[in-house]
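A.B. asks: Would you mind keeping the following structure in view while I ask a few things?
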Amino acid sequence: MNEITDVAIIGGGPAGLQAALTLGRMHRTAIVFDSGSYRNDPADAMHNLIAHDGHSPAELRTAARADVGRYDTVRLLDATVQRIRGERGRFEIETEIGRFLAGRVILATSMRDTLPDIPQIGSVFGSAAAHCPFCHGHEYAGRPLALIGPGPFLEHMSALMSPIASSLTAFPNGAQLDTDIAHRLDRLRVDIVEDPVRGLEDVADGIDIIVDDGSAAHENARLRFGGALVKIDSTPAAPHAEQLGVEVSETGGVLVDPLGRTSVAGVYAAGDIAHNRGTPAPMSAVWSAIATGAAAGTGVVKDLADELLTSLDTGTGHVDASA
Ligand SMILES: Cc1cc2nc3c(=O)[nH]c(=O)nc-3n(C[C@H](O)[C@H](O)[C@H](O)COP(=O)(O)OP(=O)(O)OC[C@H]3O[C@@H](n4cnc5c(N)ncnc54)[C@H](O)[C@@H]3O)c2cc1C
């Protein structure tokens, strides 16, 4: 563990792999640590990514790993990082296969999602039900759409989906709708079903929402839709932001500048865990994971180049002409 790698990249999703590609092309040494769990695991197909629209997320990762594998200075390790400590120039990365040293760290560990407490939601999430209109909205086009979540989610999704779905039905599912929101939903011609949702079921042409309509027979009613958008909650998938003491936003995202720099020198973040200070919330999409991965890789390369120039001025610099 004596050798210090230029960068440890924690996460082998699109953000981490793109950062690795950028660093590999600039002949900087990097290790990518990948624990093998990806945010879009529930989805068979990925959308809104040029040249990959409708392809599987696994296919993208396989192709990206092959790209990265062509650069000798980058290593891909299937390992989970347990702890990171240290400072710019010397971070210690602890994993189940050993300890590693790195001069910089890129956090690309993403978020972990918690689905609402609705029976069977796990079996439909990522296909007949989803959380993101940019990823799945078009797949529900021209059919009735169910929206499940609290008021602010319902009105936001209604505005986004009104040109796409044939009709919209909102299920606050126990949440209180304030009058302004109810009024706006009404103006958007959104039906509101107050009955609690008791289950979701995949059917051939969409999804059945099972509600408790309070009938005397206590039989649940079934309402059929082309798809459903549901509100989910997300928290950071790994504890490293906390371990390193970087500044995070209210959403739990690590605050970064456009080059992926966090509030701690030498620590960068990319992908769904990164929250660019210029946007109201972190972007959660493969395109932005790739873009921010490239930005963080570029940020690290710039930092290393600046460090080299400074060391030349102070007389401590050394340039390896064979490298
Ligand atoms: C159901 C669903 C469908 C989606 N569909 C789309 C879509 O169609 N289009 C789209 O653009 N976006 C989609 N998304 C969003 C997309 O999944 C994310 O934006 C994207 O995966 C973010 O990339 P990432 O590299 O930041 O994180 P991820 O792809 O989640 O990768 C995180 C990486 O970090 C690793 N990791 C975490 N902790 C550790 C640790 N301690 N040690 C080592 N490794 C660690 C994981 O193993 C993984 O390699 C979808 C999301 C969901 C939930």
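A.B. asks: Counting just the residues of region 267-287 that are small (Gly, Ala, Ser) and touching a helix residue (DSSP H, G or I) at 6+ places or on another chain (Cβ under 8 Å), which one comes out modelled with the lowest pLDDT? Full working, then the answer.
C.D. replies: Quick first cut of region 267-287, residues small (Gly, Ala, Ser) only: 269-271, 274, 278, 281, 284-285.
Then keep just the ones that are touching a helix residue (DSSP H, G or I) at 6+ places or on another chain (Cβ under 8 Å); that gives 269-271, 274, 284-285.
Working: 269: 98, 270: 98, 271: 98, 274: 97, 284: 93, 285: 96.
So the residue we want is 284.
A.B. asks: When you go through 107, 60 one by one, which is the residue that is out of contact with any strand residue (DSSP E or B) (no Cβ under 8 Å at 6 or more places or on another chain), buried (at least 18 other Cβ atoms within 10 Å of the Cβ) and over 30 Å from residue 199 (Cβ atoms)? It would help to see each step written out before you state the result.
C.D. replies: Details: 107 fails: out of contact with any strand residue (DSSP E or B) (no Cβ under 8 Å at 6 or more places or on another chain).
Result of the check over 107, 60: 60.
A.B. asks: Separate question: Within region 14-28, is even one residue more than 14 Å from the ligand (Cβ to nearest atom), part of a loop (DSSP other than H, G, I, E, B) and of a type outside the set (A, V, I, L, M)?
C.D. replies: yes
A.B. asks: Restricting attention to region 47-60, and to residues there that are within 8 Å of the ligand (Cβ to nearest atom) and either in contact with a helix residue (DSSP H, G or I) (Cβ under 7 Å, 6 or more places away or on another chain) or among the basic types (Lys, Arg) (or both), which single residue is nearest to residue 14 (Cα to Cα)? Break it down into steps so the answer makes sense when it comes.
C.D. replies: Quick first cut of region 47-60, residues within 8 Å of the ligand (Cβ to nearest atom) only: 47-49, 57.
Of the ones still in play, those that are also either in contact with a helix residue (DSSP H, G or I) (Cβ under 7 Å, 6 or more places away or on another chain) or among the basic types (Lys, Arg) (or both) are 47-49.
Values: 47: 14, 48: 14, 49: 12 Å.
Here the answer is 49.
A.B. asks: Taking the condition in contact with a helix residue (DSSP H, G or I) (Cβ under 6 Å, 6 or more places away or on another chain), crowded, with 16+ Cβ neighbours inside 10 Å and not in a strand (DSSP E or B), does residue 259 pass?
C.D. replies: So residue 259 passes the test.
To keep it simple, each residue is scored yes or no on (1) out of contact with any Leu (no Cβ under 8 Å at 6 or more places or on another chain); (2) surrounded by 20 or more Cβ atoms within 10 Å (Cβ to Cβ); (3) assigned to a strand (DSSP E or B).
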site	(1), (2), (3)
202	yes, no, yes
213	yes, no, no
224	yes, no, yes
229	no, yes, yes
234	yes, no, yes
242	yes, no, no
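A.B. asks: Shifting gears a bit: What residue, of 265, 170, 159, is of a type outside the set (Asp, Glu) and buried (at least 21 other Cβ atoms within 10 Å of the Cβ)? Steps first, please.
C.D. replies: Numbers: 265 fails: buried (at least 21 other Cβ atoms within 10 Å of the Cβ); 159 fails: buried (at least 21 other Cβ atoms within 10 Å of the Cβ).
The conditions single out 170.
A.B. asks: All but one of (1) over 21 Å from residue 282 (Cα atoms); (2) charged (D, E, K, R); (3) outside any helix (DSSP H, G or I) hold for residue 112, so report the exception by its number.
C.D. replies: Checking residue 112 against (1) over 21 Å from residue 282 (Cα atoms); (2) charged (D, E, K, R); (3) outside any helix (DSSP H, G or I), the one that fails is (1).
A.B. asks: Which of the following residues is more than 30 Å from residue 224 (Cβ to Cβ) and within 13 Å of the ligand (Cβ to nearest atom): 108, 129?
C.D. replies: Details: 129 fails: more than 30 Å from residue 224 (Cβ to Cβ).
Matching residue, one of 108, 129: 108.
A.B. asks: How many residues are assigned to a helix (DSSP H, G or I) and buried (at least 19 other Cβ atoms within 10 Å of the Cβ) when one looks only at region 134-150? Step through it out loud before you land on a result.
C.D. replies: If we filter region 134-150 for residues that are assigned to a helix (DSSP H, G or I), which is where we start, we get 134-140.
Those left that are additionally buried (at least 19 other Cβ atoms within 10 Å of the Cβ): 135-137, 140.
Total satisfying the criteria: 4.
A.B. asks: Which pairs do you get when a residue that is at positive phi, found in region 136-160, comes within reach of a residue that is small (Gly, Ala, Ser) and buried (at least 21 other Cβ atoms within 10 Å of the Cβ), reach meaning Cβ atoms under 9 angstrom, with the pair 6+ apart or on two chains?
C.D. replies: 142/165; 149/170
A.B. asks: In the set 189, 143, 184, which member is under 29 Å from the mean Cα position of the chain (by Cα), away from the ligand (no atom under 16 Å from the Cβ) and among the basic types (Lys, Arg)? Please lay out each step first, then the result.
C.D. replies: On the way: 189 fails: under 29 Å from the mean Cα position of the chain (by Cα); 184 fails: under 29 Å from the mean Cα position of the chain (by Cα).
The conditions single out 143.
A.B. asks: So, of the residues in region 64-92 that are within 14 Å of the ligand (Cβ to nearest atom) and outside any strand (DSSP E or B), which turns out to be surrounded by the most Cβ atoms within 10 Å (Cβ to Cβ)?
C.D. replies: If we take residues in region 64-92 being within 14 Å of the ligand (Cβ to nearest atom) and outside any strand (DSSP E or B), then 68 is surrounded by the most Cβ atoms within 10 Å (Cβ to Cβ).
A.B. asks: Then there's this: So the check is Cβ under 9 Å with 6+ separation or different chains; which pairs have a first residue in region 34-54 that's closer than 19 Å to residue 68 by Cα and of a type outside the set (A, V, I, L, M, F, W, C) and a second one that's in a loop (DSSP other than H, G, I, E, B) and more than 6 Å from the ligand (Cβ to nearest atom)?
C.D. replies: Once the first residue is closer than 19 Å to residue 68 by Cα and of a type outside the set (A, V, I, L, M, F, W, C) and sits in region 34-54, its partners that are in a loop (DSSP other than H, G, I, E, B) and more than 6 Å from the ligand (Cβ to nearest atom) give 34/78; 34/79; 35/78; 35/79; 36/78.
A.B. asks: Also, I was wondering about something else. Given the conditions (1) in contact with a strand residue (DSSP E or B) (Cβ under 7 Å, 6 or more places away or on another chain); (2) assigned by TED's automatic domain parsing to the domain that holds residue 286, and given that residue 123 satisfies all but one, which numbered condition is not satisfied?
C.D. replies: (2)
The values are calculated or read from the model by the stated rules, or taken from the named source; none is laboratory data. This is a predicted model, so every value here is computed, not measured. Counting neighbours? That spans all protein chains shown, and the Cβs are built from the backbone with ideal geometry, glycine included.
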